[in-house]
């Protein structure tokens, strides 16, 4: 079991960071940190691009983040057409920046740069799972 349960369409079934989906199933959005140089990564990585170490650890992204920027998609790649329209966001959790969807429960007029957001784990049809950002 690996990455094939993530999101609407998975393009790979296995990855060295497939534990990401296991954490989602536990209700946790997680990233990785290099034990050697402390560099943090999202999406998670199994190897550090800063010092080339493979000594990585998982950590949960907790608390509130701040919306840096977002865009509303009215066109979608194959497999995502039924989701339109949807908003994609970049959210700052300190030094770590997380990319993901904004919840469809947020109305366009509510979305403001600098607003506080938190991660929400979302179960999808067909035993699939993903995450989104909701108002904090």
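Please tell me if residue 92 is under 20 Å from residue 28 (Cα atoms), touching a strand residue (DSSP E or B) at 6+ places or on another chain (Cβ under 7 Å) and outside any loop (DSSP other than H, G, I, E, B).
The answer is yes for residue 92.
When you check residue 110 against the structure, is it over 22 Å from residue 20 (Cβ atoms) and out of contact with any strand residue (DSSP E or B) (no Cβ under 8 Å at 6 or more places or on another chain), yes or no?
No, not satisfied.
Assess whether residue 126 counts as being in contact (Cβ under 8 Å) with a residue 12 or more places away in the chain, on the phi > 0 side of the Ramachandran plot, loosely packed, with under 12 Cβ neighbours inside 10 Å and not in a strand (DSSP E or B). Show your work before the answer.
Working: in contact (Cβ under 8 Å) with a residue 12 or more places away in the chain: no; on the phi > 0 side of the Ramachandran plot: yes; loosely packed, with under 12 Cβ neighbours inside 10 Å: yes; not in a strand (DSSP E or B): yes.
So residue 126 does not fit the description; no.
Take residue 62 and tell me if it is closer than 21 Å to residue 28 by Cβ and assigned to a loop (DSSP other than H, G, I, E, B).
Numbers: closer than 21 Å to residue 28 by Cβ: yes; assigned to a loop (DSSP other than H, G, I, E, B): yes.
For residue 62, the condition - closer than 21 Å to residue 28 by Cβ and assigned to a loop (DSSP other than H, G, I, E, B) - is met.
Is it true that residue 117 is in contact (Cβ under 8 Å) with a residue 12 or more places away in the chain, in a strand (DSSP E or B) and surrounded by 15 or more Cβ atoms within 10 Å (Cβ to Cβ)?
Working: in contact (Cβ under 8 Å) with a residue 12 or more places away in the chain: yes; in a strand (DSSP E or B): yes; surrounded by 15 or more Cβ atoms within 10 Å (Cβ to Cβ): yes.
When the stated conditions are applied, residue 117 passes them.
Six or more apart or on different chains, Cβ under 8 Å: which pairs go from a residue in region 75-93 that's at positive phi to one that's assigned to a loop (DSSP other than H, G, I, E, B)? Could you list them?
If the second residue must be assigned to a loop (DSSP other than H, G, I, E, B), the pairs left are 79/8; 79/9.
Residues being surrounded by 12 or more Cβ atoms within 10 Å (Cβ to Cβ) and more than 18 Å from residue 43 (Cβ to Cβ): count how many of those fall in region 56-68.
Qualifying residue count, region 56-68: 3.
Read-outs throughout are calculated quantities, based only on the coordinates presented, and are distinct from any laboratory measurement. Treat the numbers as computed from the prediction; the structure is a model and nothing was measured. Heads up, the Cβs are rebuilt from the backbone with ideal geometry, glycines too, and the neighbour counts pull from every protein chain shown.
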